[in-house]
Every structure is written in C-alpha cells, then in structure tokens.
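The values are calculated or read from the model by the stated rules, or taken from the named source; none is laboratory data. Note that the structure is predicted; figures quoted are calculated from it, not measured. Glycine also receives a Cβ, built like all others from the backbone with ideal geometry; neighbour counts cover every protein chain displayed. For the accessible areas, the whole protein counts, side chains as well, though only heavy atoms, and no ligand, DNA or RNA atoms are used. Shrake-Rupley method; radii C 1.70, N 1.55, O 1.52, S 1.80 Å.
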Amino acid sequence: MTKILIVEDEAGLVTLLKYNLEKQGYETATVMDGREVIQTALLEKPDLILLDWMLPNVAGIDLCREMRKIYDLRLTPIIMLTARGDEADKVKGLSFGADDYVTKPFSVPELIARIGALLRRAIPAPIQSEVKTFQDMTIDFAKRRVTRGNRDVHLGPTEFRLLQFLMEKPGDVLSREYLLKSVWGGSIYVELRTVDVHIKRLRNALNAGGEKDLIRTVRSAGYAMDLKEE
Ligand code: CA
C-alpha cells in the first residue's frame, strides 16, 4: 500500500487530508511537531511526504533540506504545503529539495492529482543500461548513484530523472516541454519554469566540485548534455 506522511500542525487540515487520502486508497501517517518529522519519516518509510512550510519549532523548508541529506530519505518525493503564494518562495522551496509546491488554500482534487503525478514518476524510468559514463561523470542506474571523478553527486529524485532523460541521447537538445512531459508526466499543474529550477539544481549538484558544466542551455530551445570535451 502506498503510504503518505502528512506533516502539518493544523488539526483540521490533518483530518481533511487524512480523510481524502484514505478515500483514495492511500495509507497515511501524520506528524504535527517539526522536531519529530525526520525520525517519523525514517520509521514510517513513506512513499511521499506532504510537508507544511510553517511548522512550530522547525521550518518545513529546513526539514526538506535536511531530509535530502539523509540517505534513506533523499529520494522520497516531497510536496510543500504553504500559505505563501510568492513566486520567489516557490523557487526557494523547490531549490531546497521539494519536488512540488501547493499553496493553501488548495483544492483537494488538485493535490490528489499532484500526488498521483509525483508517485507515478517515483517509479524509476526504464533503465537504459546499468552504468553509463559521460566525460568525467558516471551514472549507475541500478544503484541510482552519480559520481564525477571520485566525488559523489547528490541528486534528488527529480534531478536524477532529468539527468536520466538528458542522458538518453547526449548532444540532442530536449525541449522544456518534452522534459516537463517526460519527467513530470505532463501534469497540468506544473509550469515550464519548474523545469528551469530543477535544471539549475541538477547543474549545481553536478558542478559542486567546480567541474566543467555538462549541461548546455540552448536559448529558446531547451537543454542538452554537452558533447564538447575541453
Ligand atoms: Ca502550519
């Protein structure tokens, strides 16, 4: 059974979410105190986490960043729930490791649709080959491990999947529309800008050791793995 961890301190909202998610056939677990989120997540091993931005004691966004550093939680899809509708906050949420972002008050059908879309793509895409190398980067698809030289590259689920699609045909320019459709399953709620935010995150992770940028931005066309070696 697919389990969703609800991290939310408003009791009424917890009840609403729990009721609707269980009606959809999901199993739920809840945690209301920010300080207990990580241990609960490690214990419950949810397939997806709904994470409130404004929690007492700990900010949701800090928890998000923390969870991405923990091996067992690094690939768990996270949807941030927030009262902030600001574009800057949205980008901030995504860049701290969330996979999607829903502004309160949200519509339950929209949230359910977003959860469904994230869970569908949490299932790994078909594996091209077990291990692929590209310049100084090695990707082990079975272990979902990426290295550059001797350095481990830490990627969230969305970035890993983006890289997977970019690596299907290195050098080919993939449009943002294509990436949106492939990586996000064509969810009508995801905007094109989200692709750029995640490409930026992927780039930052890949180049964190000061290595050469492997991704080429092709203005108004999209992105490609850069074949040029220096
Ligand atoms: Ca709250």
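Among the conditions (1) assigned to a loop (DSSP other than H, G, I, E, B); (2) of a type in the set (A, V, I, L, M, F, W, C); (3) more than 12 Å from the ligand (Cβ to nearest atom), the only one that Leu55 does not satisfy is (3). Residue-level check: of (1) over 28 Å from Leu155 (Cβ atoms); (2) open to solvent by less than 10 Å² (accessible area, probe 1.4 Å), Leu51 misses just (1).
Scanning the stretch 1-36 for residues that are surrounded by fewer than 17 Cβ atoms within 10 Å (Cβ to Cβ), away from the ligand (no atom under 15 Å from the Cβ) and charged (D, E, K, R) yields a total of 4. With respect to the stated conditions, Asp47 fails to be within 11 Å of the ligand (Cβ to nearest atom) and touching a helix residue (DSSP H, G or I) at 6+ places or on another chain (Cβ under 9 Å). If you check Thr138, Thr103 for being open to solvent by 10 Å² or more (accessible area, probe 1.4 Å), of a type in the set (Ser, Thr, Tyr) and at pLDDT 90 or above, only one passes: Thr138. In a residue-by-residue description of the stretch 197-209, the property of being open to solvent by less than 10 Å² (accessible area, probe 1.4 Å) and out of contact with any strand residue (DSSP E or B) (no Cβ under 8 Å at 6 or more places or on another chain) applies to at least one position.
Can you work out which of the residues in the stretch 87-113 that are among the acidic types (Asp, Glu) and away from the ligand (no atom under 16 Å from the Cβ) is nearest to Ile38 (Cα to Cα)? Give the steps one after another, and end with the answer.
Going through the stretch 87-113, the residues among the acidic types (Asp, Glu) turn out to be 87, 89, 99-100, 110.
If we keep only those that are away from the ligand (no atom under 16 Å from the Cβ) too, we end up with 87, 99-100, 110.
Numbers: Glu87: 27, Asp99: 17, Asp100: 19, Glu110: 26 Å.
Checked the stretch 87-113; the qualifying residue nearest to Ile38 (Cα to Cα) is Asp99.
For the stretch 60-86, a residue qualifies if it is within 16 Å of the ligand (Cβ to nearest atom) and either assigned by TED's automatic domain parsing to the domain that holds Asp152 or in contact (Cβ under 8 Å) with a residue 60 or more places away in the chain (or both), and exactly one does: Leu81.
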